[in-house]
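Take a look at the structure below.
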Amino acid sequence: HTPPNNNRTAKPNARSHFAISSSNFGSSFFINFKKRNIMNFGTATLLAFSAALVSAAEGFAPSAGRSLAAARSASSLEGTASPETETFQRSLLGAQLANSKKVAGKKAGADAPAVNLGWDSHQAVEKAPDSLVRPGDGPDGNYPMRAKFEQMIREAQVSITDAISKIDGKATFQEDSWIRANGGGGMSRVLKDGAVFEKAGVNLSVVYGSMPQEALQAATERGVDRAKGMAPGERVPFFACGLSCVMHPRNPHCPTMHFNYRYFETDGGIWWFGGGTDITPSYLNLDDMAHFHGTYKDMCDRHDPEFYPKFKAWADKYFVISHRNETRGLGGIFYDDLNDREPEKLFEFAKDAVNSVVPAYGPIIEAHKDDPFTEKEREWQQMRRGRYVEFNLVYDRGTVFGLKTGGRIESILMSLPETARWEYDHQVEPGSPEAEIMDAFKHAREWV
C-alpha cells in the first residue's frame, strides 16, 4: 500500500549553526558568515573530523535474483544458456571441484595478505570480471556459496539501481569497478545531483584478507569463539562478500534508507550471514512506518515468524547513538553472526530481504518526493543527517572495519550525506513535529 502525504511545518529557531559539506572531494576550506554564522567545510576537514571520531570507536566488523541450483550437469553448459549464465555455471562447477579437494585447518602463512590491505591496493578496471570469487582463494570453505551469494547480490545491485533511477527521473548511477591482486574487488554504483536524490549509492565488494584475532572478536555478536584453536598473535584468514547501500533524498519528508547484506567465512570452515534494512526519517509519518516495517515483517514471516520481532529488536539496539542516547532512525531489521540453520535457508532469506528493499522504500519516496517543505524543515533534516554521520563514523561496524583494514575509501564513505549540520545546544520545541519524532528516537516503538 502507498503511504499518504503527511506534510509537516516546523517553527523557526534562531540559534547559530554550522554545516559540513562533502559534496566534492577537494581540499577547500572556507567560512561564510553572511547568514547566521554558517560554516562550510571541504571533505579534507570532514576526514580529519572522522579520524578523530573513529579513534574513539570500540569495535568494528565487515560491512555489514533468482536462486541457482548448487549443481549443474555438464550438458546444461552447452547451447541452452546465455553467455552470462554459462560463465556463472562454469564458475560454480569449478568452485564445487575446489571445495571437494579442500584440506582442513589451513592457517594464515607468512605470505598471507596483510591485515591492512592497503589504501592503494585497488586497481581500477573498465569492467569487473564475470565473477570476483575465485575457487581456491582465501580460507577453505563453502566455495559454491561464495559464488552463489556474489551472483545474487550482483543481480540485486542492478535491479535496485534501475528502480531508483526510474523514481529519480533525472540522474543515473555511475559505476566504478576495481580488483585487487590478492583476489576480490568490487563495483560501486553512485547517483548524485538527482531530482529526488542528492546522493544514492549501492556498493558490491568481495574481499580476501586476514585480520588480527581481536578484530575478529569485535566483528560479530559471538566473535569471541571465532579464533578458537589458533596460536596467539596468528592472523585469521577471511572471505567477505556483501552489498551495501545508502540513499539520501532531497525532500525532508522523504526518509534516508540503508541496507547491507553479507556472507562471511573464516579459517576452519566457519561461516555466517549478516545484514538488514533500516529507515531514517526526519519527520514521523505513521503510515510510512507501518508500510516499511510491514513489508519486512511479511518477508520475515515467509521464513520464520520469530525473525521479525527478533531482528526488529536487534535493529533498535544496534542503531543507537550512545553518546546522544537516541537512535539514528526508526529501525527495520538487523541480524549478524547468523548460522543457526542450513546455509541454503539463510541464503534464501538474505535474497528475499534484499529484494524487498524497493517494495518497502519506493512507495514512500513516490508519495513524498513532491511534498512542499520549509527552509526550517530542511535545516532539521540537515541536523538529523549530522546524527547519521556521528553514528556511521563512531559506531557502524562496516565503516570502522573498512577504515582500519585499508578498504576503498570512496566506497566506505559513500554512506555519508553530501551535507550535514550541527547546531550548538539545539533543543526541539515541545509539541512540535521535531519533538514528536525525537520521542520515537529515544523510545523504541512497535510499528506493526
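The values are calculated or read from the model by the stated rules, or taken from the named source; none is laboratory data. Predicted model, so just to flag it, every value in this text is computed and none were measured. Cβ: placed from backbone, ideal geometry, glycine included. Neighbour counts: every protein chain shown. Ligands, DNA and RNA are excluded from the accessible area calculation, which covers all protein heavy atoms including side chains. Shrake-Rupley method; radii C 1.70, N 1.55, O 1.52, S 1.80 Å.
Being within 23 Å of residue 159 (Cβ to Cβ), more than 16 Å from the chain's Cα centre (by Cα) and surrounded by 18 or more Cβ atoms within 10 Å (Cβ to Cβ) is a property that residue 364 has.
Per-residue answers, yes or no, for (1) under 17 Å from residue 328 (Cα atoms); (2) part of a helix (DSSP H, G or I); (3) touching an Asp or Glu at 6+ places or on another chain (Cβ under 7 Å):
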| residue | (1), (2), (3) |
| --- | --- |
| 393 | yes, yes, no |
| 407 | no, no, no |
| 410 | no, yes, no |
| 429 | no, no, no |
| 435 | yes, yes, yes |
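Selection of the range 286-318 for residues being of a type in the set (Asp, Glu) and out of contact with any helix residue (DSSP H, G or I) (no Cβ under 7 Å at 6 or more places or on another chain) yields 287, 298, 304, 306, 316. Open to solvent by less than 10 Å² (accessible area, probe 1.4 Å), more than 17 Å from the chain's Cα centre (by Cα) and of a type in the set (Val, Ile, Thr), is that true of residue 266? Taking the combined requirement at face value, the residue satisfies it.
Out of 436, 390, one residue alone is under 16 Å from the mean Cα position of the chain (by Cα) and among the acidic types (Asp, Glu). It is 390. Number of residues in the range 285-332 that are among the acidic types (Asp, Glu) and in a loop (DSSP other than H, G, I, E, B) equals 2. Screening residue 186 on (1) open to solvent by less than 10 Å² (accessible area, probe 1.4 Å); (2) of a type outside the set (Phe, Trp, Tyr); (3) over 22 Å from residue 416 (Cα atoms) shows it passes everything except condition (3).
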